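Notes to accompany the following structure.
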Amino acid sequence: MAFAQKQETIFDVIFKGKKIGTLHAQETKSDSKSFKELTVDTKSTFLLIPIYMESEIRTTQEKGILIEGTAYRNASRKSSDVNATIRKIGFRLYERERNGVKDKMKSKPIRFCVVDLYFKEPLKIKEVFSNMYVEMLQLKQIDTGKYQLITPDNNHSIYNYANGKLVSIEANTLLGKIVSKRI
């Protein structure tokens, strides 16, 4: 049995020039499995209104294929809350649930998830699986080392890479742009 290898990256989350939280990405690999976890915890005040958001995404991949994943988001705007799961249940078949709505999704094996963007540059990848939305999302390369993730709710994000490593994420929100920068 091989020893588990762990990779961790921490980002500062910045809103209007002020640090409002932390994003923590961690991957543990052992034998043929990979476990990835992404946690975000932010708190701020906007126009005297307290704003917070915490989220957690976890994936398990075996031989490079997603076999299960979870996503959770708790936000001050309750309409943004998410509780989602996906599980591979057969050949080209996944069972998914998002906020109590369950169904089955036919799909080729899922090899690249949004959480993977934190660990490697998505060279030649045009779509990624989102555990938060439990669906495939379009990924557009807009420049060298720069990719735009297109989301169903128009909260698109830009992922910026230098030498193959993620250095920052720019996310558009209803309140404005939030930037996460590698520490």
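The values are calculated or read from the model by the stated rules, or taken from the named source; none is laboratory data. Fair warning: this is a prediction, and the values are worked out from it, not measured in the lab. Protein only, heavy atoms only, side chains kept; ligands, DNA and RNA dropped before computing areas. Shrake-Rupley method; radii C 1.70, N 1.55, O 1.52, S 1.80 Å.
Each listed q (0.08, 0.13, 0.18 Å⁻¹) maps to a log10 I(q)/I(0) for the chain, found by the Debye formula over equal Cα scatterers with no solvent: -0.25, -0.68, -1.32. Run the accessible area of the chain with a 1.4 Å probe and give the carbon-and-sulfur part as a rounded percent. Carbon and sulfur: 52 percent of the exposed surface of the chain. Accessible surface for the stretch 5-182, divided over its residues, is 56 Å² per residue with a 1.4 Å probe.
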